[in-house]
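Working notes for the structure below.
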Amino acid sequence: MPSSDRGTVHIIGAGMAGLAAAVRLAGSGRRVAIHEASLQPGGRCRSYYDHAAGMVIDNGTHILMSGNQAALSFAQTIGSMGGLQVPAEAEFPFVDVSSNERWTLRFNDGRLPWWVFDKERRVPQTTVIDYLLLARLAWAGDDRPIGNVMNCSGPIYDRLLHPLLLAALNIDPREGSSKLAAALIRQTLALGGKACRPMLSREGVGSVFVDPAIDYLKRHGASVALQDELVSLELVGDRVTTLQFSDRTEQVGEDDRVILAVPPYIATKMVPGLSAPSSFRGIVNAHFRVDPPAEMPPMLGVVGGTCEWIFSLPGRMAVTISAADRFFKLDREELARLIWAEVAAVSGMPATLPPWQIVRERRATFAATPEQNALRPKAETAWQNLVLAGDWTATGLPATLEGAIRSGYRAAELVGDRLRAAA
Ligand SMILES: Cc1cc2nc3c(=O)[nH]c(=O)nc-3n(C[C@H](O)[C@H](O)[C@H](O)COP(=O)(O)OP(=O)(O)OC[C@H]3O[C@@H](n4cnc5c(N)ncnc54)[C@H](O)[C@@H]3O)c2cc1C
């Protein structure tokens with residue numbers, strides 16, 4: 001049970017940022033109350049039973065990299081590491097659907113990237129010199145569109161940088177922020193294969209990041225209220241004084257703190273003068289209830305087609321398409337057929353469409369351009385008992401689980417500091 005009698009930390013939003021803040025604070029004995037507007041926690045990282053597909057699906061298959069230290073420490077704290085599928089090697093199999101050429105990118109574990117010298121490990125049709133582009137991008141100065149920093153064409157771009165940056169930034173890489181790309185490269189590729197193993201949630205993201213977090217919070221005395229929507233904050237002087245929920249008003253006590261961990265388009269309505277990203281990109285995920293062929297790798301990169309990544313997990317296959325706004329108006333069944341035709345061709349599965357579901361997340365991430373990146377606010381606000389959290393705050397990373405969890409930890413630290421300062 002919480003040992004602190006120094007007031008409650010109200011956390012608004014039970015996405016990964018809110019949950020990470022809550023886990024940190026409840027784990028150190030703070031009294032925590034989470035208020036989540038929707039029916040289930042997890043926000044943009046959630047699993048649920050889908051009747052059309054007849055199975056539990058994720059809103060989006062989430063890839064974690066073994067270098068994502070905050071996300072892994074979060075999973076460790078809540079005891080869910082066992083739900084992550086960790087490959088023995090940092091390998092990325094690819095297929096080019098226009099030529100049916102297949103290759104596997106294999107990073108070596110150490111920091112010295114000797115894989116680029118090995119034709120069997122690097123991308124076909126590339127030379128060692130091509131990989132200098134990575135170094136140029138990792139140490140680019142000002143934040144500029146990636147298209148202004150490097151040549152976005154040729155095999156190294158089409159077969160390596162485009163798929164990796166598109167997946168990580170969720171934007172056409174030419175428009176993407178060079179600073180965010182650099183942060184990503186420095187925290188994964190530059191650290192060697194040890195930091196580049198792609199990790200998937202075997203039974204879905206809910207079973208790794210959400211359900212065990214809620215269990216942990218309950219064990220540590222935190223309250224988690226669902227369908228508990230905050231409508232507005234009353235701000236008086238340098239403090240939040242009142243939380244206005246859809247069904248009641250709560251006073252914020254002298255020792256209470258508030259962490260606002262909602263999306264930017266909600267936070268800007270509640271916090272006057274808040275600078276925040278205002279443009280977004282969508283992601284499409286297709287889910288198929290089918291046993292994948294044994295020879296399909298857990299994760300296959302697709303070049304030159306509609307699919308970008310094909311995931312093969314027990315009893316199901318899933319496809320992710322990033323920056324997918326062009327598919328948002330297409331009929332859902334037409335889209336499912338288009339995607340399945342490609343999956344069937346690549347995997348040798350029958351062309352008959354299995355039970356399926358299409359999930360389209362319109363505002364999957366903020367648009368990772370230099371302009372939008374510059375709008376991200378710090379966690380601290382002008383109100384001394386109010387702190388922000390979310391993947392859209394100034395984490396220095398793209399909108400990812402790692403960024404969201406780091407922002408939650410940062411908010412928890414700030415609240416801790418402010419609690420100590422007030423004591
Ligand atoms: C389809 C998809 C695929 C992705 N793939 C990956 C991936 O492979 N790897 C990766 O690292 N990241 C991936 N991401 C990004 C990752 O999911 C996000 O960065 C992360 O989940 C964001 O968490 P958050 O807490 O910042 O925000 P959110 O998840 O948006 O959480 C905000 C929460 O606030 C709640 N809320 C909103 N308004 C109110 C209110 N008024 N009162 C109370 N509660 C409120 C919301 O319901 C929500 O639960 C993906 C995202 C999507 C959508």
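The values are calculated or read from the model by the stated rules, or taken from the named source; none is laboratory data. This structure is a prediction, so every number in the text was calculated from the model and none was measured. Ideal geometry is used to build each Cβ from the backbone, glycine not excepted, and the neighbour counts take in all protein chains shown. Surface areas here come from the heavy atoms of the whole protein model, side chains and all, with no ligands, DNA or RNA. Shrake-Rupley method; radii C 1.70, N 1.55, O 1.52, S 1.80 Å.
Loop-only check: which trypsin sites (Lys or Arg not before Pro) in segment 318-423 are DSSP coil with at most 16 other Cβ within 10 angstrom?
Lys329, Lys378
Looking at the chain only, what percent of DSSP beta bridges run antiparallel? Nearest 5 please.
75
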Keeping all protein chains in the complex and leaving out DNA, RNA and ligands, what accessible area do you get for Thr306 with a 1.4 Å probe, in Å² to the nearest 10?
30
Using only the Cα atoms of segment 313-354, what semi-axes does the equivalent ellipsoid have when each is the square root of 5 times a gyration tensor eigenvalue? Give whole Å, largest first.
20, 12, 9
Quick check: the distance between the Cα centres of segment 116-193 and segment 309-348, to the nearest angstrom?
25
Considering the options Pro314, Val346, Gly82, tell which one lies farthest towards the positive end of the dipole of the chain, charges being +1 on Lys and Arg and -1 on Asp and Glu at the Cβ, about the Cα centre.
Gly82
Subtracting the Cα-Cα distance from 0.36 nm times the residue separation, let me have the gained length for Arg219 to Leu338 in nm, one decimal.
38.3 nm
Per residue of segment 273-287, in order, report the coupling 6.51 cos²θ - 1.76 cosθ + 1.60 (Karplus, θ = phi - 60°) as ³J(HN,Hα) in whole Hz, putting x for Gly and Pro.
x, 6, 8, 7, x, 10, 10, 9, 10, x, 10, 10, 10, 10, 10
Candidate aspartates and glutamates - alpha carbon under 13 Å from Lys179, same-chain residues fewer than 8 apart omitted
Asp142, Asp143, Glu371
Find how many whole Å separate the alpha carbon centroid of segment 90-106 from the alpha carbon centroid of segment 19-55.
36
Could you work out the helix-only [θ] at 222 nm for the chain, with each DSSP H run of four or more residues adding -39,500 (n - 2.57) and the total divided by the number of residues, to the nearest 500 deg cm²/dmol?
-7500 deg cm²/dmol
Could you order Trp392, Trp139 by accessible surface area, starting with the largest, using a probe radius of 1.4 Å?
Trp139, Trp392
Which of the helices in the chain, when you take each full DSSP H run, stretch at least 15 Å along the axis at their Cα atoms and have an average Kyte-Doolittle score of 1.0 or higher?
16-27
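Averaging sequence separations of C-alpha pairs under 8 Å and six or more residues apart, then dividing by the length of the chain, give the relative contact order as a whole percent.
Relative contact order comes out at 24 percent.
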I'd like to know which of Ala167, Leu132, Phe92 lies farthest towards the positive end of the charge dipole of segment 85-185, counting +1 on Cβ of Lys and Arg and -1 on Cβ of Asp and Glu.
Leu132
For Ile34, residues with placed amide H under 5 Å, excluding near neighbours
Ile11, Ser223, Val224, Ala225
For Asn385, enumerate residues with amide H under 5 Å from its amide H, sequence gap 5+ or separate chain, H modeled in the peptide plane.
Val240
Quick check: at a probe of 1.4 Å, how many percent of the accessible area of the chain sits on carbon and sulfur atoms?
51
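Do any trypsin sites (Lys or Arg not before Pro) in segment 54-154 lie in a loop, going by DSSP, with at most 16 other beta-carbon atoms within 10 Å of their beta carbon, and if so which? It would help to have the intermediate numbers written out before the result.
Working: sites: Arg102, Arg106, Arg111, Lys119, Arg121, Arg122, Arg136; in loops: Arg111, Lys119, Arg121, Arg122.
Passing sites in segment 54-154 are Arg111, Lys119.
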Total charge dipole magnitude, the chain, about the Cα centre, Cβ charges on Lys, Arg, Asp, Glu only, Debye to nearest 20
580
To the nearest Å², the heavy-atom accessible area per residue of the chain with 1.4 Å probe amounts to 41
Tell me which residues come under 5 Å, amide H to amide H, from Glu101 once H is placed; ignore anything under 5 positions away on its chain.
Asp96
Solvent-accessible surface ranking, highest first, for Thr77, Thr395 at 1.4 angstrom
Thr77, Thr395
Which translational diffusion coefficient, to the nearest whole µm²/s, is obtained for segment 215-264 from the Stokes-Einstein equation, given a Kirkwood hydrodynamic radius over C-alpha pairs, 37 °C and 0.692 mPa s?
262
